[in-house]
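Each remark here refers to the structure printed beneath this line.
What follows draws every value from the coordinates through simple rules; no lab data is involved. This is a predicted model, so every value here is computed, not measured. Quick reminder, even Gly has a Cβ in these numbers, built from the backbone with ideal geometry, and neighbours come from all protein chains shown.
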Amino acid sequence: MAKKVNEIMKERMAFSFEVFPPKTDKGMETLTKTDGVLDKLCTLNPDYISCTYGAGGTNVGANLATLDAIKAHAGVTPITHFTCIGNTKQGIKDQLQQYLDHGIDHILALRGDLPFGWSGTGGDLRYATELVKFIRDSFGDKFTIAVAGSPEGHISCRSIEADISFLKQKQDDGADFIMTQLCWDMDQFRWWMDAIRAAGITLPVDVGIMPVLDARATINMALSRNGCVMPRELSVLISKYWTFPDPFTADAEAKDAKSDAAYAQKKADFKEAGIEYTIGLIDEYRVAGISGIHLYALNKYEDVDRIVKESGIIDLI
C-alpha cells in the first residue's frame, strides 16, 4: 500500500504538481493521452498530483477522469480538490463515495470560491471547517484530508488571526496536512509559519507555487483570486518587460502590437526572467521549514520540467 502524503512529509520534503480538468476533448487528450502532459510530468517522480474541482461540481466528470489518469501511474497519488458550494450533505456523501470507489482517498477540502452574485454557499455546509468535520464524521479515516492555508489571510476572513484560528479548528476536526494558497511575500510567509506554530498548528505545510511565466496571468492570479502582495522584485520584473499598451488591452492597437517581433521578444524575455524568479522563490521556501513544494503545472510540461530540474527539487526524491 502506498504511503499517505502526510506520512511522506514526516520523512522528507514532498514534491507534487497541480493540474486542472480540461474543458474540451482536445484538452483532455493533450493532458491524458500516451506521452501526454501527465505521462511527462510523472517522469519527474512527483509524490502526488492534485486536480482542481469547480464550484458545485460543475466539472466533476473531467475531474474524475483526470484523477483516474493520474492513478494509472504507479507511485503517484491522485488528490482531488473538493468544494461544498451548492451541495447537500447527501450529495457530498455520494460524490465522496464515488471517489473511494475509484481508489481516490486523498482530498483537499475547500469551501470554494463563491460565484459572482452569491451571498452564501447555496448548500448545507457554509465553510471548509464544516466540510472537514463532515468528511471525518462520515468516512472515518478512509480519506487523507488536506486543507487550505492562507499565509496572507483569506480575502473573505475578518482578520489573519481569525483565519489562523479556523485553520487550527480544521486541524482539531481531523485535517492531515496544509496546502497553502499562493504567496510571493516571503517575509509574510515566514511570519505566518511562526504564527501557526505558536497557535498549536503542527500539521505539515505544503507550499503552493504558481510559476511566473506570463504577466497577465501573474497579475490576475494575485489580484483577482487571492489579494496577494506583489513584492517589489516581482513588480519591477513586470514593469521591466511591460507590453504596450498593457497586457490586458484587447483593442486593435494591442492586436497590432502582438504581431510585432519586439512584443513577442518581450514576452519571451519575461518568461525567462519569471522562471529565474520562480526558482529563487523555491530556494527561499525550501529553507523556511516547509514540508513540501506543490507546483502549479498549468497543464503544461516544458516550463515546469525546467523549473523542477534547475531548482534541484528533483534531487529531493
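What spacing in nm lies between the two simple spin-label points modelled at residue 30 and residue 273, each 7 Å away from Cα in the Cβ direction?
Output for this residue pair reads 2.7 nm.
Kindly write out, for the range 65-70 in residue order, the coupling ³J(HN,Hα) from the Karplus curve 6.51 cos²θ - 1.76 cosθ + 1.60 (θ = phi - 60°), rounded to whole Hz, with x marking Gly and Pro.
Whole-Hz 3J(HN,Hα) from phi for the range 65-70: 4, 5, 5, 4, 5, 5.
So which chymotrypsin sites (Phe, Trp or Tyr not before Pro) in the range 148-187 are both in a DSSP loop and have at most 15 other Cβ atoms within 10 Å of their Cβ?
Details: sites: 166, 177, 184; in loops: 184.
Hits after loop and neighbour filter: nothing returned.
Around residue 180, which amide H atoms from residues at least 5 apart in sequence, or from another chain, sit under 5 Å from its own amide H, with H modelled in the peptide plane?
Under 5 Å from the amide H of residue 180 lie the amide H atoms of 149, 206, 207, 208, each far enough along the sequence or on another chain.
For the chain, what is the relative contact order in percent, using Cα pairs closer than 8 Å and at least 6 residues apart in sequence? Kindly include the intermediate steps, with their values, before the conclusion.
Working: 506 pairs, mean separation 61.6, N = 317.
Relative contact order comes out at 19 percent.
Could you pull out every residue, at least 5 positions away or on a different chain, whose amide H is within less than 5 Å of the one on residue 108? Hs are placed 1.01 Å off N in the peptide plane, and Pro or chain starts have none.
Those lying under 5 Å, H to H, from residue 108 are 80, 81, 82, 146.
Could you give me the radius of gyration and the Dmax of the chain, taking only the C-alpha atoms into account and expressing both in angstrom?
Expressed in Å, the Cα Rg and Dmax of the chain come to 19.5, 59.
Across the range 288-301, in residue order, what do the Karplus-derived ³J(HN,Hα) couplings come to in whole Hz, using 6.51 cos²θ - 1.76 cosθ + 1.60 with θ = phi - 60° and x for Gly and Pro?
Those phi angles translate into 9, x, 8, 10, x, 10, 10, 9, 6, 7, 6, 6, 10, 10 Hz.
State, to one decimal in nm², a quarter of the convex hull surface area for the C-alpha atoms of the range 16-103, i.e. the direction-averaged projected area.
Seen from a random direction, the Cα hull of the range 16-103 projects 5.4 nm² on average.
Neighbouring Cβ atoms within 10 Å as the yardstick, rank 183, 42 fewest first. Intermediate results must be reported in sequence, preceding the final value.
Values: 183 22, 42 18.
Arranged by neighbour count, lowest to highest, 183, 42 become 42, 183.
Could you tell me the center-to-center distance, by alpha carbons, between the range 270-317 and the range 136-152 in angstrom?
Between the Cα centre of the range 270-317 and that of the range 136-152, the gap is 25 Å.
Output the 0 to 90 degree angle, nearest 10, between the alpha-carbon long axis of helix 186-198 and the longest principal axis computed from the alpha carbons of the chain.
10
State the antiparallel share, in %, of DSSP beta bridges confined to the range 5-316, rounding to the nearest 5.
Looking only at bridges with both residues in the range 5-316, the antiparallel portion is about 0 percent.
Order by neighbour count: 53, 127, 301, 285, fewest other Cβ atoms within 10 Å first, most last.
With the fewest neighbours first, 53, 127, 301, 285 line up as 127, 301, 285, 53.
So how far, in whole Å, is the C-alpha centre of the range 57-103 from the one of the range 1-23?
15
Using a 10 Å cut-off around each Cβ, can you sort 287, 236, 5 from fewest to most neighbouring Cβ atoms?
The most exposed by this proxy come first: 287, 236, 5.
Which far-off residues, 5 or more places away or on another chain, put their amide H under 5 Å from the one on residue 85, with H placed in the peptide plane?
Under 5 Å from the amide H of residue 85: 56.
Kindly write out, for the range 163-180 in residue order, the coupling ³J(HN,Hα) from the Karplus curve 6.51 cos²θ - 1.76 cosθ + 1.60 (θ = phi - 60°), rounded to whole Hz, with x marking Gly and Pro.
Taking θ as phi minus 60°, the curve returns 4, 5, 5, 6, 5, 4, 4, 4, 4, 5, 8, x, 5, 10, 7, 10, 10, 7 Hz for the range 163-180.
At 222 nm, what helix-only mean residue ellipticity would the chain give, in deg cm²/dmol to the nearest 500, using -39500 (n - 2.57) for each DSSP H run of four or more?
-13500 deg cm²/dmol
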